[in-house]
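Engineer: Sharing a structure here in structure tokens format.
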Amino acid sequence: MTTDTQTRAFQQGKRRAEELRTQIAYHEHRYFVLDAPEISDAEFDALMQELRAIEAAHPELITPDSPTQRVSGAPVETFGIIEHRVPLLSLANGFNADDLRAWHKRTAGLLEHDQFTMICEPKIDGLAVALVYERGQLTTAATRGDGTRGENITQNVRTIRSIPHRLKNAPERFEVRGEIYMTKSGFEKLNFERGEAGLPLFASPRNSAAGSVRQLDPKVTASRPLDAFLYQLGWIEGGEQPATHWEVLDWLKSLGFRVNHEIRRCDDVDQVIDFCAGWVERRESLDYEIDGIVIKVDSLNYQRRLGAVGREPRWAIAYKFPPTQATTKLLRIEVNVGRTGSLNPFAVLEPVKIAGATVQLATLHNEDDIRRKDIRAGDTVIVQRAGDVIPQVVGPVVSKRTGREKVFKMPKTCPACHTPVVRPEGEAMYYCPNRQCPAQRFRLLEHFVGRGAMDIDGIGESLAYQLMQAGLVQDGADLYRLHERRDDLLKMERLGPKSVDNVLRSIEDSKKRPLAQVIFALGIRHVGGEVAAILANHYGSMDALMNASPEDIDEIPGIGTTIADSVSEFLSLEDNRNVIEKLRAAGVNLREESGGAREGPLSGLTFVITGHLEAFSRDAGERLIKRNGGGVGSSVTKKTTYLVVGAEPGSKLAKAQQLGTEVLDEQQFLALLHARGITPD
Ligand code: IVH
């Protein structure tokens, strides 16, 4: 090759590399920041591959902001120190509405003005990061440290795909701040894999994120599911500072940064309090942990006027959620038997108040989980309560051990009927195999009358227990003959003639429950309300379901092999078939209202709807699909025919792109309905 052609090849390579970097940056932004990719993973990989090839041929073309450098920074021995030009402050905390009102009043006093806009933002439970960009390129990333000096974690932060390496139309120099965090699902998965590999587990997504950005080898960081939200401008040179915080957030978005969607502007403190209250429960619905709401005065001019006292700005306050964890003593570990025969270990605790409720019992999942977390009877433990879910034991406080704690062993026989227990291969649970086991029968009856099943008012745990003890019922179907035993019922504790009549009426009313509820009430292992609805919808009658083969069931969209096998096995057992026959004889509804599997213009198609639709609510959309014979799923799988996306779709879109599932926007979906002669009502 002549020098001339070499130069030309080099120049061509250089141009192409630049083009590729711009394209890759664009697609990373679509995928990681907007959650709305435009090309498939394979197409994206091809762009990366081409860029890697050019850089391998001409290593002098590699730039630090090249997307190929996200994972290839060299390990460091220690992190350098970075001085923050403007200190990173912390926040004053408030714990209730009164604290927020007091802050608002104080602020209004200082501003001599009680009408000022505030911005409310989820307080992300991760770790703060300060990113400096110079001439559009990410140059350093630092932890908060002590507020004035942080650690240089640039190499590691470069591995976070939603953080842009280069920006267009950026000011000469500026610093943006935000929070690095790990998603809850990413954390669960990481911990699961660590457990399998015998590695120590991380205590929380926050610890896990902090541990991950402080890895000396960026390759380790790159393998961790980290992400970031940006929420503040540290300082700016060669560019104009926006006038409000809201404008800052908009500007950050326009530069390509990931800004949280849930941020709201509020005009008075009542709106702020409502916003905070709304998130106390709703925070569980997010896939990342938040520990409060940050409230900031919107006007940056006002922020400057308010200033800071010590390390806490007066222009902001953090409303902290009530704690959902507490420590208490684990008195002993007991085991109860579930309706499917599963042996469920649970913790009996010294009563402790968490987020307003007294907790005395907490689930311990299964033996493996207890062993993995090394929870022992007598331990001081951290207990967690979240929303409606059953409290859980997070783990022991090992430093409080006395040596008298006892390691848990699963009993060899069922605690209720003493039959030797079994553990099916591949399952974490032990089971009592005795279908006549009184504990199982009792839990099954409790489930049968419960919410979402036959929904029989007036029969709770205590009456269900008495009915079984008195030998009046063996299973749910026996309830429908109770009217013949009115005298025996009157002998029950706390059951007067009026209550007896009410209970009998409730039982009678329950005969009209939809088929899906009846299927759910049977208590088949792995069949929850959603699966029961799919089965009812597909087969249209209990008889059709009873005649279906496991292969037949397996083919239904939304149903996997484990469920199909479990349903078939359940329906093949004589005992269970007898219960169904007793239900039939009693006149319980065993057919889907409209009768028969629905055929319609959407038969054979399975839809998943995500985001907000304009023409109708998601529920209405799903009903419309079902009415016309289509299937509806809650997550995108290989069996999904179409993903329908409305405004602000979530991660489902990325999943669909990954699987190559056809995606319809609302207009295309309406066009499809129209083409099949369906008019939405
Ligand atoms: S504003 C002075 N906004 O909370 C302003 N901080 O307790 C301080 N944090 O160190 C930053 N989410 O790490 C702000 N939306 C948010 C935040 C947030 C989480 C963290 C941040 C800060 C700590 C203060």
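The values are calculated or read from the model by the stated rules, or taken from the named source; none is laboratory data. In this text the structure is predicted, and so the values were computed from the model without any measurement. Counting neighbours? That spans all protein chains shown, and the Cβs are built from the backbone with ideal geometry, glycine included.
Engineer: Exactly one of (1) modelled with pLDDT of 90 or more; (2) more than 20 Å from residue 450 (Cβ to Cβ) is unmet by residue 552. Its number?
Structural biologist: Here residue 552 meets the rest and fails (1).
Engineer: Scan the strands (runs of 3 or more DSSP E) fully inside the stretch 354-436 and keep the ones with 3 or more residues being in contact (Cβ under 8 Å) with a residue 40 or more places away in the chain.
Structural biologist: Where strands (runs of 3 or more DSSP E) fall fully within the stretch 354-436 and carry at least 3 residues being in contact (Cβ under 8 Å) with a residue 40 or more places away in the chain, they are 380-384, 392-396.
Engineer: Please list, ordered by residue number, the helices (runs of 4 or more DSSP H) wholly in the stretch 461-558 having 1 or more residues that are within 30 Å of residue 636 (Cα to Cα), under 35 Å from the mean Cα position of the chain (by Cα) and of a type in the set (Phe, Trp, Tyr).
Structural biologist: Answer list for the stretch 461-558: 515-521, 529-539.
Engineer: How many residues are in contact (Cβ under 8 Å) with a residue 40 or more places away in the chain, closer than 24 Å to residue 577 by Cα and surrounded by fewer than 21 Cβ atoms within 10 Å (Cβ to Cβ) if we restrict to the stretch 451-476?
Structural biologist: 3
Matching residues to (1) within 16 Å of the ligand (Cβ to nearest atom); (2) surrounded by fewer than 16 Cβ atoms within 10 Å (Cβ to Cβ); (3) under 33 Å from the mean Cα position of the chain (by Cα); (4) farther than 28 Å from residue 271 by Cβ:
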residue: 14; (1), (2), (3), (4): no, yes, no, yes
residue: 42; (1), (2), (3), (4): no, yes, yes, yes
residue: 59; (1), (2), (3), (4): no, yes, no, yes
residue: 65; (1), (2), (3), (4): no, no, yes, yes
residue: 68; (1), (2), (3), (4): no, no, yes, yes
residue: 101; (1), (2), (3), (4): no, yes, yes, no
residue: 105; (1), (2), (3), (4): no, yes, no, no
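Engineer: Take the stretch 300-347 and flag every residue that is at positive phi and without any contact (Cβ under 8 Å) to a residue 60 or more places away in the chain.
Structural biologist: 307, 310
Engineer: Starting from the stretch 18-34, keep only residues that are closer than 15 Å to residue 70 by Cβ, then list their pairs with residues that are surrounded by 19 or more Cβ atoms within 10 Å (Cβ to Cβ) and among the aromatic types (Phe, Trp, Tyr) whose Cβ atoms are within a distance under 6 Å, requiring at least 6 positions of separation or different chains.
Structural biologist: Final answer for the pair search is 27/44.
Engineer: Then there is this: Name, by its number, the condition in (1) surrounded by 14 or more Cβ atoms within 10 Å (Cβ to Cβ); (2) over 23 Å from the mean Cα position of the chain (by Cα); (3) of a type in the set (D, E, K, R) that does not hold for residue 622.
Structural biologist: Single failed check for residue 622: (2).
Engineer: Say whether the condition of being modelled with pLDDT of 95 or more, small (Gly, Ala, Ser) and away from the ligand (no atom under 16 Å from the Cβ) is met by at least one residue in the stretch 109-122.
Structural biologist: yes
Engineer: Moving on. State which residue is nearest to residue 343 (Cα to Cα) when the search covers only the stretch 438-460 and only residues that are among the charged types (D, E, K, R) and part of a helix (DSSP H, G or I).
Structural biologist: This residue is 443.
Engineer: Yes or no: the stretch 176-192 includes at least one residue that is more than 16 Å from the ligand (Cβ to nearest atom), within 20 Å of residue 142 (Cβ to Cβ) and either in contact with a Pro (Cβ under 9 Å, 6 or more places away or on another chain) or assigned to a helix (DSSP H, G or I) (or both).
Structural biologist: For the stretch 176-192, residues more than 16 Å from the ligand (Cβ to nearest atom), within 20 Å of residue 142 (Cβ to Cβ) and either in contact with a Pro (Cβ under 9 Å, 6 or more places away or on another chain) or assigned to a helix (DSSP H, G or I) (or both): absent.
Engineer: Follow-up. Yes or no: the stretch 304-326 includes at least one residue that is assigned to a strand (DSSP E or B), at pLDDT below 95 and of a type in the set (S, T, N, Q).
Structural biologist: Yes, the stretch 304-326 has at least one match.
Engineer: Then there is this: Applying the selection to the stretch 143-166, what residues are within 16 Å of the ligand (Cβ to nearest atom), touching a helix residue (DSSP H, G or I) at 6+ places or on another chain (Cβ under 8 Å) and assigned to a strand (DSSP E or B)?
Structural biologist: Within the stretch 143-166, 143 is the sole residue that qualifies.
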